Amino acid sequence: MEENVAAHQRLAAKLREKYGIQASSSPDDADVILYTSNVRVVDLAVRQGCSVSVRLPGILLLASRLFGLPVESGGVVAARRRGGCTETLDLGLLGGLAVLLEMAFYTEFGYMARFALVGATGVLVNLAAWSFFVDFLGLHLILSGRIAGYALPDALATEVATLWNFALNEVWTFADLRLPRDAWSVARRLVAYNAVSLAGLAVLTASHFAFMLLTPFSPRLSYLAAILVTFIWNYTLSRRLAWRGNVWR
């Protein structure tokens with residue numbers, strides 16, 4: 001069975017696998033827009049021709065609005081259909097939460113969460129690379145002086161982590177965006193991401209000192225606050241300069 005369905009790329013793949021539904025490339029030419037693969041929502045929207053809202057408790061409805069999800073009549077809109085009926089489903093707390101999380105995965109919040117997770121893995125890669133350059137290759141011995149000696153392995157380990165982060169963001173975090181994937185376009189995104197990350201180091205240092213000077217925060221708490229500022233910097237600039245694109249298709 002094939003329907004004219006507009007969906008996010010990952011969701012579209014799931015819909016094809018589970019239901020044999022072929023997703024269209026744009027919501028503008030779609031009779032059905034699905035935002036979830038929940039079987040009851042799909043059945044009502046595709047087979048019975050209804051727009052579907054999933055009723056949520058107040059706190060989850062508030063979260064839906066914060067995520068920027070379509071909310072109408074006390075529920076999150078899980079499917080839209082041109083014409084036809086309108087149905088509201090009560091899937092219970094767990095069912096509603098599952099739909100909400102799946103929909104949030106395809107929003108800017110979802111991109112941000114995946115970007116943060118990639119960054120967390122990058123910290124581990126940075127530490128592993130630094131240990132390899134120092135403990136195995138002894139690069140810190142090339143230049144004289146304790147501080148100067150560690151500058152080379154520090155820089156190399158940071159670049160290895162940056163390349164790791166870029167690769168994961170390219171193939172996972174932002175894989176759904178409509179972006180050219182030829183070698184030249186990927187290289188341009190890599191240069192932009194490298195520049196943002198390099199500037200992020202300066203933002204981290206400046207923010208750390210600013211919080212220590214202007215707030216009663218301890219150095220450790222100031223550093224944590226600076227990490228948050230740097231994350232916002234890196235994500236915002238990366239989205240604008242490297243991975244531009246809309247969340248919904």
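The values are calculated or read from the model by the stated rules, or taken from the named source; none is laboratory data. Keep in mind that this is a model prediction, so the values were computed, not measured. A quick note on method: Cβ atoms are made from the backbone with ideal geometry, for glycine too, and the neighbour counts reach across all protein chains shown.
Take the conditions (1) polar (S, T, N, Q); (2) at pLDDT below 85; (3) crowded, with 18+ Cβ neighbours inside 10 Å; (4) under 21 Å from the mean Cα position of the chain (by Cα); residue 9 misses just one of them, which is (3). Among the residues examined, residue 167 qualifies as part of a helix (DSSP H, G or I), hydrophobic (A, V, I, L, M, F, W, C) and either without any contact (Cβ under 8 Å) to a residue 40 or more places away in the chain or touching a Ser or Thr at 6+ places or on another chain (Cβ under 9 Å) (or both). Counting only strands (runs of 3 or more DSSP E) that sit completely within the range 46-109, zero hold 3 or more residues that are over 28 Å from residue 174 (Cα atoms), without any contact (Cβ under 8 Å) to a residue 60 or more places away in the chain and charged (D, E, K, R).
Residues that are outside any helix (DSSP H, G or I), in contact (Cβ under 8 Å) with a residue 40 or more places away in the chain and aliphatic (A, V, I, L, M): does the range 193-213 have at least one?
no
When restricted to residues that are touching a Ser or Thr at 6+ places or on another chain (Cβ under 9 Å) and buried (at least 18 other Cβ atoms within 10 Å of the Cβ), the range 175-188 contains 0.
Specify the residue that is farthest from residue 174 (Cα to Cα); the eligible residues are those in the range 214-240 that are not small (Gly, Ala, Ser) and not in a helix (DSSP H, G or I). Step through it out loud before you land on a result.
Quick first cut of the range 214-240, residues not small (Gly, Ala, Ser) only: 214-217, 219-221, 223-224, 227-237, 239-240.
After this cut, where a residue has to be not in a helix (DSSP H, G or I) as well, the list is 215-217.
On the way: 215: 36, 216: 38, 217: 35 Å.
Out of the qualifying residues, it is 216.
For the range 92-141, how many residues meet the condition of being over 30 Å from residue 60 (Cα atoms) and surrounded by 15 or more Cβ atoms within 10 Å (Cβ to Cβ)? Qualifying residue count, the range 92-141: 10. When 189, 240, 181 are screened for being closer than 28 Å to residue 132 by Cα and without any contact (Cβ under 8 Å) to a residue 60 or more places away in the chain, only 189 passes. Test residue 84 against the stated conditions and say whether it is on the phi > 0 side of the Ramachandran plot and either among the polar types (S, T, N, Q) or touching a strand residue (DSSP E or B) at 6+ places or on another chain (Cβ under 8 Å) (or both). Yes; evaluated as a whole, the condition is true for this residue. Take the range 195-249 and flag every residue that is over 22 Å from the mean Cα position of the chain (by Cα) and crowded, with 18+ Cβ neighbours inside 10 Å. Listed by number, the residues that qualify are 207, 208, 211, 222.
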